[in-house]
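The values are calculated or read from the model by the stated rules, or taken from the named source; none is laboratory data. All of these numbers come straight from a predicted model, not from anything done at the bench. Backbone-built Cβ (ideal geometry, glycine too); neighbour counts: all protein chains shown. Heads up: the accessible areas ignore ligands, DNA and RNA and are worked out on the full protein's heavy atoms, side chains in. Shrake-Rupley method; radii C 1.70, N 1.55, O 1.52, S 1.80 Å.
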Amino acid sequence: MAAPMELFCWSGGWGLPSVDLDSLAVLTYARFTGAPLKVHKITNPWRSPSGTLPALRTSHGEVISVPHKIITHLRKEKYNADYDLSARQGADTLAFMSLLEEKLLPVLIHTFWVDAKNYVEVTRKWYAEAMPFPLNFFLPGRMQRQYMERLQLLCGEHRPEDEEELEKELYQEARECLTLLSQRLGSQKFFFGDAPASLDAFVFSYLALLQQAKLPSGKLQAHLQGLHNLCAYCTHILSLYFPWEGAEAPPPRQTPVNPETEEEPYRRRNQILTVLAGLAAMAGYALLSGIVSIQRAPSARAPGTQALGMAEEDEEE
């Protein structure tokens, strides 16, 4: 019997099953299609088989860590949300997916990772409280730098040099994108009728983050709240496909009581890495501050003392 497919994704918060855009899109697509996944909602990407989230371990042991490739694999396994779409609807899907990535994704990154108030009070706060020690000290900052680099790539070479002008341009295009999505959805349950498709999974993941997060600086959020059909659309998908999921507070950083939990294979590795990181930090501080110094030992030395010295040198290296 083949092993079940396993999905590793960021845990939930803000009333959503996941606080990460890519994880939320993959989770939603899997719910739409009924794909039999064993889902691991975690707050430590080192526990993922790829070291990143989301990641899918297939029934054959292959690891896939790109959202679009994960969905492509699910389609190959006969879990295809776009099976009944016409050729024209398929073309519309590609066009709107491109629109989301070009017009809405840059503003989502700016809203959650660049805007200072939102980053400090919402984004960094959630990740710092959810991640285990010592990752919560440095990983949110590293993620912010990665998202800022991604934003620069999305904006391209023709971006305005003035940051205020760039922000104004980005938000204007995002508002136009939301209005277009609202007009395209109309009074339908989903973008192509009464059944959800892959486009709905991605649109929902974009909109739900904006709708659910309590942002102190919510320029685009205010525009979304004025588009009532899009808000109802998100609420409908949440209540229908995620009725018991999404915690308002980040999950506590506690060691599982039951040793047979689904994250057990990664616990020992995480503990070893944490201990090694702590020892390296303490040794580095001791050497730099002069608390510990390395001196050349005298040539004549008892055999027992020589063995002890070799062990100390190995630890210092």
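Computed values, structure above
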item	result
Sequence ranges 25-36, 83-94, 100-111, ranked by mean other-Cβ count within 10 angstrom, highest first	25-36, 100-111, 83-94
Share of carbon and sulfur in the accessible heavy-atom surface of the stretch 6-242 [1.4 Å probe, %]	51
Too-long pairs where the Cα-Cα distance tops 24 Å, listed order kept, from Lys69/Lys117; Lys69/Lys219; Lys38/Lys189; Lys38/Lys69; Lys38/Lys78; Lys38/Lys103	Lys69/Lys117; Lys69/Lys219; Lys38/Lys189; Lys38/Lys103
Inter-label distance for Lys189 and Lys168, nm, one decimal - labels placed 7 Å from Cα along Cα-to-Cβ	4.4
Residues with amide H under 5 Å from that of Val39, placed H, sequence gap 5 or more	Leu7
Integer Hz, Karplus 6.51/-1.76/1.60 couplings in order for the stretch 45-58, x for Gly and Pro	x, 5, 7, 7, x, 9, x, 9, 10, x, 8, 10, 9, 6
